[in-house]
Amino acid sequence: MRVVIAGSSGLIGTALVSDLRAAGHDVLRLVRRTPAAPDERGWDPPAGRVDEGTFDGVDAVINLNGVGIADRPWSGARKQLIRDSRTVPTEVLATAVAEHRVPAFLSGSAVGYYGDTGGRAADENTPSGSGFLAEICREWEAATQKAQDAGARVVLLRTGLVLSPAGGLLGTLRPLFKAFLGGRLGTGTQYQPWVSLDDEVGAIRFALEHDTVSGPVNLTGPTPVTNAQFTRALAAAVGRPTSIPVPAFAIKGVFGTMGEEMLLIGQRAVPAKLQAAGYQFRHHSVTEALAAAIGT
């Protein structure tokens, strides 16, 4: 298949490009600078511009755009950037998919769509929850509407917390745990919807290659864990004991709403649609995923 990927330089995108090429797919990467390689095509999302000919003969577009959510405080300006960096590129790509009759559009989203699910399992039929992240995810997914209206197969990639050896969540947590500073957050009962990078990429390729998969798809591991369980598993993976728990009031005091939504609530998201479609997970438990990412 000939596939265009937007957001190919990020953690997931870099791994996905390599995986798709190894599987024999022809990959074109959208870049926001002057193209410098034969596989690059230029685009400017705020201007709604994409290089002419980019979508000629393309079978699918994969959209992985969006600035980091947890790397800076949520000021008003930062919230707007988080929103715009997702909805604007998605609308541009959805319009291009519609105009060029591209058969498939796989577009990023997140399990934050469900808000705080407590101990209740959330599959793809679970309604959206409340909070800033849920609101962003709803708008992000709604931005694909033009592609849906044109008859494209649209897959909404509701990604969980990706466990990767190359950075991301573990890039932040691993040094803390190795320095004996890793402890549960608040009560530790909130769920952390983990997924290994291998399965994140594998599930995206599975959705690309299986035209029966459409609509929202939870990209999470098959066995959800709470923050307390995740904390114990990560501590064991790095060979350190867990430290003193971080109280909820301290997290709220330092990080505000961002800390509450990112650290103190969670989603017990389950990959029901992937499992029903026959996807075979490489990592079935958070222990397996952490061992693969950390090399234990």
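Go through region 127-171 and report how many residues are closer than 24 Å to Asp71 by Cβ, assigned to a helix (DSSP H, G or I) and either free of Cβ contacts under 8 Å to residues at least 60 places away in the same chain or out of contact with any Asp or Glu (no Cβ under 9 Å at 6 or more places or on another chain) (or both).
12
Just to verify a result, which residue in region 22-36, among those that are in contact with a strand residue (DSSP E or B) (Cβ under 9 Å, 6 or more places away or on another chain) and in a loop (DSSP other than H, G, I, E, B), is farthest from Thr87 (Cα to Cα)?
Once the filter is applied, the top-ranked residue is His25.
Looking at (1) out of contact with any Phe, Trp or Tyr (no Cβ under 9 Å at 6 or more places or on another chain); (2) under 30 Å from Gly278 (Cβ atoms), which is the one condition that is false for Glu141?
Of everything listed in (1) out of contact with any Phe, Trp or Tyr (no Cβ under 9 Å at 6 or more places or on another chain); (2) under 30 Å from Gly278 (Cβ atoms), Glu141 misses just condition (1).
In this structure, is Val217 in contact with a Lys or Arg (Cβ under 8 Å, 6 or more places away or on another chain), hydrophobic (A, V, I, L, M, F, W, C), crowded, with 19+ Cβ neighbours inside 10 Å and assigned to a loop (DSSP other than H, G, I, E, B)?
So Val217 does not fit the description; no.
From the list Ser75, Ser164, pick out the single residue that is within 24 Å of Leu264 (Cα to Cα) and over 17 Å from the mean Cα position of the chain (by Cα).
Result of the check over Ser75, Ser164: Ser75.
From Val195, Val154, Val162, which residue is aliphatic (A, V, I, L, M) and under 17 Å from Ala272 (Cα atoms)?
Val195
Being more than 29 Å from Trp140 (Cα to Cα) and in contact with a Pro (Cβ under 9 Å, 6 or more places away or on another chain): is that true of Arg184 here?
yes
Quickly run through region 220-254 and pick out the residues that are part of a loop (DSSP other than H, G, I, E, B) and crowded, with 16+ Cβ neighbours inside 10 Å.
Selection gives Thr220, Gly221, Pro222, Thr223, Pro224, Arg240, Thr242, Ser243, Pro245.
Can you list residue pairs whose Cβ atoms sit under 7 Å apart, with the first residue in region 14-33 being of a type outside the set (A, V, I, L, M) and the second being in a helix (DSSP H, G or I)? Count only pairs 6 or more apart in sequence or on different chains.
Pairs that qualify, where the first residue is of a type outside the set (A, V, I, L, M) and the partner is in a helix (DSSP H, G or I), are Asp19/Val201; Asp19/Arg205; Arg29/Val17.
Working carefully through the options Arg78, Arg86, find the one that is closer than 19 Å to Val31 by Cβ and among the charged types (D, E, K, R).
Being closer than 19 Å to Val31 by Cβ and among the charged types (D, E, K, R) holds for just one of Arg78, Arg86, which is Arg86.
Could you say which residue among Gln275, Gln267 is modelled with pLDDT of 90 or more, under 27 Å from Leu133 (Cα atoms) and surrounded by fewer than 17 Cβ atoms within 10 Å (Cβ to Cβ)?
Result of the check over Gln275, Gln267: Gln275.
Quick check, is Thr126 crowded, with 20+ Cβ neighbours inside 10 Å, closer than 25 Å to Ala276 by Cα and over 16 Å from the mean Cα position of the chain (by Cα)?
Yes: the conditions hold for Thr126.
Go through region 37-66 and report how many residues are surrounded by 14 or more Cβ atoms within 10 Å (Cβ to Cβ) and assigned to a loop (DSSP other than H, G, I, E, B).
9
Exactly one of these conditions fails for Asp84: (1) acidic (Asp, Glu); (2) in a loop (DSSP other than H, G, I, E, B); (3) free of Cβ contacts under 8 Å to residues at least 40 places away in the same chain. Give me its number.
Going through the list (1) acidic (Asp, Glu); (2) in a loop (DSSP other than H, G, I, E, B); (3) free of Cβ contacts under 8 Å to residues at least 40 places away in the same chain, Asp84 breaks only (2).
The values are calculated or read from the model by the stated rules, or taken from the named source; none is laboratory data. Note that the structure is predicted; figures quoted are calculated from it, not measured. Neighbour counts run over all protein chains shown; Cβ positions are idealised from the backbone, glycine included.
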